[in-house]
Each structure stands twice: as C-alpha cells, then as structure tokens.
1. Tally time: how many residues in region 72-97 are surrounded by fewer than 19 Cβ atoms within 10 Å (Cβ to Cβ) and part of a strand (DSSP E or B)?
2. Taking the stated definitions as given, is Ile344 in a helix (DSSP H, G or I), in contact with a Phe, Trp or Tyr (Cβ under 9 Å, 6 or more places away or on another chain) and within 30 Å of Ile25 (Cα to Cα)?
3. Tell me yes or no: at least one residue of region 324-337 is outside any strand (DSSP E or B), closer than 29 Å to Arg37 by Cβ and of a type in the set (Asp, Glu).
4. Ala222 - would you say it is at pLDDT 95 or above and not in a strand (DSSP E or B)?
5. Scan region 134-144 and tell me whether some residue there is at pLDDT 90 or above, within 28 Å of Arg8 (Cα to Cα) and basic (Lys, Arg).
6. Look at region 225-280 and say how many of its residues are part of a helix (DSSP H, G or I), modelled with pLDDT of 90 or more and more than 22 Å from Val146 (Cβ to Cβ).
7. Can you name the residue in region 225-250 that is among the hydrophobic types (A, V, I, L, M, F, W, C) and within 17 Å of His293 (Cα to Cα) and is also surrounded by the fewest Cβ atoms within 10 Å (Cβ to Cβ) among such residues?
8. Within region 289-329, track down each residue that is β-branched (Val, Ile, Thr) and at pLDDT 90 or above.
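The values are calculated or read from the model by the stated rules, or taken from the named source; none is laboratory data. All values reported here derive from a predicted model rather than from experimental measurement. Here the Cβ positions follow ideal geometry from the backbone for every residue, glycine too, while neighbour counts run over all protein chains shown. Surface accessibility is based on the protein's heavy atoms, side chains included, excluding ligands, DNA and RNA. Shrake-Rupley method; radii C 1.70, N 1.55, O 1.52, S 1.80 Å.
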Amino acid sequence: MSMQSGRRVGVAFVGMGGAVATTAIAGIEMIKSGSNRLDGLPLAGLSVAGTADYKDLVFGGWDLNGDDLASAASGHGVLSKDDIENGAQVLKGITPWPAVGSAKFCKNIDGQNRIVAKDHREAVSVIANDLRRFQKESNLGDVVVVNLASTERWPDLNDPTLNSTAAFEKGLDSSDEAISPAMLYAYAAIKSGIPYANFTPSVAADVPALLDLAKELNVPVAGKDGKTGQTMMKTVLAPAFKARALHVDGWFSTNILGNRDGLALNDPNSLQSKLNTKGTVLDSILGYPVEDHLVHIHYYRPRGDDKEAWDNIDVTGFMGQRMQIKVNFLCKDSILAAPLVIEIARVLDLANKRGDGGVQEQLSTFFKAPMVKNGHGPEHAFGKQEKMLHDWLGVH
C-alpha cells in the first residue's frame, strides 16, 4: 500500500519510549535509510491512492520516562545494538515530551517526565499544544495520535461523566476522577481534529462521550487492544473449527512475558482490562459459549519482550470423539505489534483524507476488542475482518 505522496504525516505516540513505539520508529528509520525489508507490514504490497508512504512518516510523542529513545530501546532488548547503530541512530536524538500519568489508573508504571497541570482542562490544552507544535516544527501535512501507553484499570462505564459529551466537558473542568489519562489524550486529539487510535486494552476513546464527539466532529477513531499473537491465532483457528463443525469444549491459554507491558499487567486492575478485551472473541465466532475458556497472563522477567503463548484446545468431532490441538507461539511481542501500529496510523490518516470520521470498523483486523459504530457486536473472524479492510481500501 505504497503511493509516494510526499505528504509528511506525523505519528504522535502516547508511550513513545515503550518497546512497541521504539521498534516502530527504528523500523521506519531503517526503511528511510535504504532497507527494503517490508516483512510484517500487512499493507506493504498494496497500492492505494492517497496513502502516506512509509518514508513520509515522522514521529513524536509523550512518555513518563524522559530517556532518549536509543537508551529506552536498549533497555527493552527488542533491537540489537547493531539495529540501533545501523539504521536507527536517529533514536539517539529523540526524547519524549512530558506525559500525563496517574497512579490511580496504572499502578506499576510511573516516571519523572510528567506534565504539570493544575487540572484536566489544562492537561488537555498542554497535549493539544504539543500536537500543534509537532505539526508546525516538523512541517507536517497531517498528524495521527496512537495510544501505546501502559494498560489502565477498567473505569466505571456507567459513570455519567463518560456517557455524554456535555458531562465529559464538565468533568474536565472539575478534574473528575472518572476521566483517565488515556481519555485526556483521546479528547485532545479528537477536539484538535486529529485521528486517534488506541492499541491498548484501556477504555480510552471507547465511551459514549468521546464516540459522540468523534462522530460530531467527523474525526476517525479506532481501537482497542492490538491483536498480535495469541488472539490472532484464535481468530484464525476458531472459524476453521466452526467450518468443520468441531465443537470446542475448552480452550486453555497462557502467556508469559517480561517487558513493561507485562509489568503493568502485574497489577490486578490493569490485568482485568486486558482479560476483558481477550475474553469474548471465541464465543462470538463460534456462536456458543465456551465455558472452559481460560486465559492467564504471567509477568516473567527473564523473557523480556520474547513472549510465549501456549494454547491447549479440546474439541469434539464425529461420533463424540475427542481430540486436542496444541499451539506454542514463541513470539516477539513488539516485532508483531510495531508494523500493525504503523498500518493503523496510515489507514486512519487515509480515512481523514477521505472525510470518513467516527469509528473505523475496517481496522477491526488489528484489534482484539474492535470498536464499532452502532452498538452491534464486533466482527472477530480474521478472514472476514481482512475482507472488510480490503473492501474499504478498494483493493481485491
């Protein structure tokens, strides 16, 4: 999906010093410096008019950790020293902007590089000013915001503040505790007319107050929770079991990972947010509840960013005969996630160029809990999701 437009598009990451963001930036910088390795970028082979070229992407963003991106990337251990020296020297010169943080919403992650604001309203105006400055100083035609920050705890979705734009506006003025940092970024982006994607399990823009605002202002939004490893395999395998009428009796999933995402998920409240987005996929594809669908995520420091996802699937076939399928996916979490983040940013930018605002359901293929426009259930089956995206792009 590459049409040299020469239009510089800025991608502002919330959580810019994290493993996914630093990997995405390093990968694009390597492409800019002559690498032709486009493996892992799902839309690289497609040609769609109006789409920003990979080489025209420019990066900025916020992080509670103020280290330059080369130091941050070294700490994550995804990129080798050679990677950082060979194509991504530019990381040495990039430091994140101060970020909004809240120990109430994300217990295990904190840092010194924080926005000092007297209330929510002021924090939003700092974020919006950062975006304006980024656009001006980097000479950008357009900007997209992508949330890659650590997972927040699940908010009370019935809180009136989150259920109408007017109540949300009042909540900003009174620094209402129902409003999380991710929501402040989403609001600032939408209000600035800038597309917003949420690659995390945090609720962020997926509340009526912000969905209504995005629709009213015709700003593209997408999310939530990137579908990279284990859940991607589920959404590929489950439709096949359904097509072969193999009844899924149980699906046991476990994950071990040792990166900052894993550390954030070591807090039970943040973990619950992640389990909320992983849990409903199977039932919706198969059309019946899988009562013994268990998902476990364990923080295991020695693994770093190399995640292991292990699935045991029990199925019943013809004449009641029982069988098992086992899948062991040794994945590099950020290597799977980073290219998806880049494609999401490019598609959101294209939606903005096309004047297509509100929730972008065609991006469902990239998310575990896809946001939807009209309150219907999301499509989870991988093949159907891919068709939705290709139809929207106009490629076959």
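1. 0
2. Numbers: in a helix (DSSP H, G or I): yes; in contact with a Phe, Trp or Tyr (Cβ under 9 Å, 6 or more places away or on another chain): yes; within 30 Å of Ile25 (Cα to Cα): yes.
It is true that Ile344 is in a helix (DSSP H, G or I), in contact with a Phe, Trp or Tyr (Cβ under 9 Å, 6 or more places away or on another chain) and within 30 Å of Ile25 (Cα to Cα).
3. Yes, that holds for at least one residue.
4. No, not satisfied.
5. Within region 134-144, one or more residues are at pLDDT 90 or above, within 28 Å of Arg8 (Cα to Cα) and basic (Lys, Arg).
6. Looking only at that region, the number is 10.
7. Narrowing region 225-250 to residues among the hydrophobic types (A, V, I, L, M, F, W, C): 232-233, 236-238, 240-241, 243, 245-246, 248.
Adding the requirement that they be within 17 Å of His293 (Cα to Cα) leaves 232-233, 236-238, 241, 246, 248.
Working: Met232: 20, Met233: 18, Val236: 12, Leu237: 19, Ala238: 23, Phe241: 19, Leu246: 17, Val248: 22.
Among them, the one singled out is Val236.
8. Across region 289-329, the qualifying residues are Val290, Val295, Ile313, Val315, Thr316, Ile325, Val327.
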